[in-house]
Amino acid sequence: MLVVPALLPDEIARGYLGRIGQYNGLLDEVQIGMMLRRFVGSEAVSRREHAALELLASAAQIDLLAFLRHHTLLPYRKIVSLHRDQDAQSWSHRSLLWSQGMKALRTAAYFCPECVGEDIDFHGQSYWRRQHQLPGQLLCVKHNCGLGYVDSDNAWLKPPSFFLETAFEVRDEWVRLAMQNPLQQRFFEIWSGLAEQTPSIYSGVASRVFREKARALGFATRPGQTDRPWLSDRIVESFGSQWLATLCPILAAKVPGAEFPSIDRHILAKNGKSLAHYYALIAAQLFDTADEALLALVAAQSSDFGRTGSVDQCQVTEVTDSELIEAYVMAGGSHSKSARVVGLGERTAALRLKGLGLPALSKGALVSLHAFYFEQNSIDESAKAGGLTVEQLLDLLRQIGVSFIRAMKRIVMVPSEIGPGSRGQRPKALNPHELSGSEAGIKFKFAPQKKCVRRHLSQIGLPEGASPPGKYPFKLAQAFPR
Ligand SMILES: [Zn+2]
């Protein structure tokens, strides 16, 4: 018989899974999952049909949506919707639960040592809190102290108290800087506010509100508007590249004076989709307070909903053919992604792209067409290269129009133009010890792979007497390079 403890306030799902393991002497997530399946009576259902989050919600006897809303990072990932009528229900798509539901947004597990002490006093145990797992969050807002963190995939299987003496610690210097910068706090208030918003803010509304405000403040809101400063540059300046690297290293290292597509183009110039934290960064930069930003977005959303006529109809005339082709290149030939980039409905975008002779491309189709056009292979060889049948390749070739070759060249030959967030690996948020240097000459490691992090850790080395870990006193290992 499995013992299932009650969920604790703001407890993150993965930590809850680990705590169920602790109560039952299980030290492996797979084993805990199997026991949970037996417990909720879903053994007969395939694993694919019952995501871990569904098992946890059932075991905790809590409504799935409430569980997702209060115990996962999904609300923080999905702060804008691509459709006006989309609401929080769309989180519960099983594919989303499988792909992103349990995924962390940082590479380490974070905790507050003061909260650990209080939780042991109040709940009899410590646990992993969701608020501390947001990238960029370096301090506990309740205690105004630096967080501790553990760079291990298995950290969630043990309580934070287990790591009090061995964890890395966010240094006082970082805490002081975070507390002195009002924008950082505003950023988290806005991010949380948007995460709680139901229905989510529609991406087109967010773009319009930000565009108007940015234009009024003198920032560039169109590609090629070189006489005005980029908002992305101002964001790097105000937030500081060192802190930004703990949220999104790629923005922290942007070239000054150059457009940063995820902010300046996808959100400001189009009604496209970008990553959640970019919306919160923009809002924190453009508005003086979190309330002002949230009110502006909610009010615009209400008036947008009240408007008659479909958004698609309004936007068809706004999006030019060349913008649509640009989106097609950025989206690597995907019709649905192109639609998101320009803020059109998928059907509308697909019809217009087909009309321009730009067919929807799978990865295999891209390989085959590249082999055919640029490597001068035969139809047979080209089809084989991308895993298509000759008939499928011929069918694609029949759909191709004059704009295609120029677009295709850019998709394949200039992958950097595709932009972050649409294709390729997204760099992860860095942990403080992965950054080195001071004000001048900060060095960043991008997209650190686990191996690199491990190597880095072994170079730093843990302080003497760091193990075996105990529960008290509340003093963390000072493991940062000085
Ligand atoms: Zn705390």
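Here are a few things to note about the model shown:
- All positions within region 117-142 that are over 26 Å from the mean Cα position of the chain (by Cα), within 20 Å of Thr72 (Cα to Cα) and within 8 Å of the ligand (Cβ to nearest atom): none
- The residue pairs whose first member lies in region 110-126 and is within 16 Å of Tyr23 (Cβ to Cβ), whose second member is away from the ligand (no atom under 12 Å from the Cβ) and β-branched (Val, Ile, Thr), and whose beta carbons are closer than 7 Å, counting only pairs six or more residues apart or on different chains, are Ser126/Ile120.
- Extreme residue, surrounded by the most Cβ atoms within 10 Å (Cβ to Cβ), among residues of region 143-163 that are of a type in the set (S, T, N, Q) and either away from the ligand (no atom under 16 Å from the Cβ) or more than 18 Å from Leu177 (Cβ to Cβ) (or both): Ser161
- Condition met for Leu96 (surrounded by 18 or more Cβ atoms within 10 Å (Cβ to Cβ), more than 9 Å from the ligand (Cβ to nearest atom) and modelled with pLDDT under 95): no
- Taking region 328-360 as the range and being free of Cβ contacts under 8 Å to residues at least 24 places away in the same chain and buried (at least 21 other Cβ atoms within 10 Å of the Cβ) as the test, the residues that pass are Ser338, Ala339.
- Within the option set Arg211, Arg222, Arg234, being over 30 Å from Val170 (Cβ atoms), in contact with a helix residue (DSSP H, G or I) (Cβ under 9 Å, 6 or more places away or on another chain), free of Cβ contacts under 8 Å to residues at least 60 places away in the same chain and not in a loop (DSSP other than H, G, I, E, B) holds for one residue only, Arg211.
- Filter pass, Phe187 being in a helix (DSSP H, G or I), modelled with pLDDT of 90 or more, among the aromatic types (Phe, Trp, Tyr) and more than 13 Å from Ile267 (Cα to Cα): yes
- Of Arg222, Arg208, Arg176, all but one fail to be away from the ligand (no atom under 16 Å from the Cβ), over 30 Å from Leu27 (Cβ atoms) and either at pLDDT 95 or above or not assigned by TED's automatic domain parsing to the domain that holds His266 (or both); the exception is Arg176.
The values are calculated or read from the model by the stated rules, or taken from the named source; none is laboratory data. Note that the structure is a prediction, hence the values are computed from the model and not measured. Neighbour counts are summed over all protein chains in view; Cβ atoms, including those assigned to glycine, are modelled from backbone coordinates with ideal geometry.
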